[in-house]
């Protein structure tokens, strides 16, 4: 065999070995299915918090963000996070299987053949030291990391996560982790399936039944209380919702996800001062959380609306201050920056608002959902700040032509319907536009 053929054979063998490794790269996690910027920010904010991690959870977070960095095209940063993950466990035990597998993949993609092969061999060493009960089974540590990664990654991978939790529970029905994981998966799947107008009843909800079972097994898990609180709220059991949310906050006042969920619930209950108190207290512990700043801005905005003073300069000023902070912390998140442009307009800073809209529209590779939000908010700006209804209608139409890629599609439809309701001739051919959309739907 000449050198060229030998190299190709070795490369093919290496690729086959990589495909057999149990790690994020072989779990079918596709970058087009997820909001990578959101995942990155959420993980970075969690790692930045001064909190204790149980077991190998910090290692898992580092593994996951390493994979996200790879999907974003930053393999050097991916490698840095994976090396930190390796340090968490000091190169020992079954917890290392996924970490070594991820390292092997990243090194291979970067052309570091020797390092890749070394990490492949490390996986095999762990597997020899801790053999599987059967060839078709994975170690619990691998299954657990896979299931939680699928649950975190995207709504398109919720079902696969649920299936892993269900399969694991068949062998151990009272396992705390598997029961909690299944409860969270069912909660999220029900959230996708049922809208605000069509919900499964509280008593009949498989998610509620599983959350209650999980709470008995894991009574210190604050997120179970959060999800039960949200289920209660959606079924108009408000006193029970408050009980769960208050308990969650009491149990985990330093948990950013818990605090954000509780504050959003308070916002829905129009308790804006209570929400702001919780959020501002959390901000002392996580001053660089873009998600916190965004939620604080929202509450100042809604508080102004509650007191029927939407142009209150003080409250709008606070809102703008926090939205500008979001823009600096997370420039990849378009939606709060669109809100910022509208707030500028409400403060009568029209030039600044127009400049912000123009700047955002010029960004490369805007996602359809972001572009749809841009057209909706720019349309609002044209209609309510500049008094150009015709221009607004044009943008609402452009947003709807993108299809129902986000809830903004429905917002634009509602705005167009309001224009139609006006008793006059000039309705900018909106009815014809609606009919064309129906025709397109039938043709598909």
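The values are calculated or read from the model by the stated rules, or taken from the named source; none is laboratory data. Being a predicted model, the structure only gives us computed values, none of them experimental. FYI the Cβ positions are ideal-geometry reconstructions off the backbone, even for glycines, and counts take in every protein chain you see.
Values for this structure:
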read-out: Candidate set from the stretch 208-229 (those that are part of a helix (DSSP H, G or I) and touching a residue at least 40 places away in the same chain (Cβ under 8 Å)); member that is farthest from residue 263 (Cα to Cα); value: 217
read-out: Test: residue in the stretch 331-350 that is surrounded by fewer than 22 Cβ atoms within 10 Å (Cβ to Cβ), closer than 23 Å to residue 260 by Cβ and in contact (Cβ under 8 Å) with a residue 60 or more places away in the chain; value: yes
read-out: Count of the stretch 375-410 residues which are assigned to a helix (DSSP H, G or I) and within 16 Å of residue 433 (Cβ to Cβ); value: 18
read-out: One residue from 240, 203 being out of contact with any strand residue (DSSP E or B) (no Cβ under 9 Å at 6 or more places or on another chain), crowded, with 16+ Cβ neighbours inside 10 Å, assigned by TED's automatic domain parsing to the domain that holds residue 179 and farther than 23 Å from residue 346 by Cβ; value: 240
read-out: Sole residue being at pLDDT below 95 and touching a helix residue (DSSP H, G or I) at 6+ places or on another chain (Cβ under 8 Å), chosen from 366, 338; value: 366
read-out: Residues being assigned to a loop (DSSP other than H, G, I, E, B) and at negative phi - total across the stretch 281-333; value: 13
read-out: Where residue 129 falls short, out of the listed (1) in the same structural domain as residue 40 (by TED's automatic domain parsing); (2) in contact (Cβ under 8 Å) with a residue 12 or more places away in the chain; value: (2)
read-out: Top-ranked residue in the stretch 387-416 [being over 20 Å from residue 369 (Cα atoms) and without any contact (Cβ under 8 Å) to a residue 12 or more places away in the chain; ranked as surrounded by the fewest Cβ atoms within 10 Å (Cβ to Cβ)]; value: 387
read-out: Residue list for the stretch 19-64, filter: closer than 29 Å to residue 252 by Cα, surrounded by 18 or more Cβ atoms within 10 Å (Cβ to Cβ) and touching a residue at least 60 places away in the same chain (Cβ under 8 Å); value: 34, 39, 41, 42, 45, 46, 56, 60, 63, 64
read-out: Considering residues of the stretch 254-280 that are touching a residue at least 24 places away in the same chain (Cβ under 8 Å) and not in a helix (DSSP H, G or I) only, the residue surrounded by the most Cβ atoms within 10 Å (Cβ to Cβ); value: 255
read-out: Residue 76, sole failed condition from (1) at pLDDT 95 or above; (2) surrounded by 14 or more Cβ atoms within 10 Å (Cβ to Cβ); (3) more than 15 Å from residue 58 (Cα to Cα); value: (2)
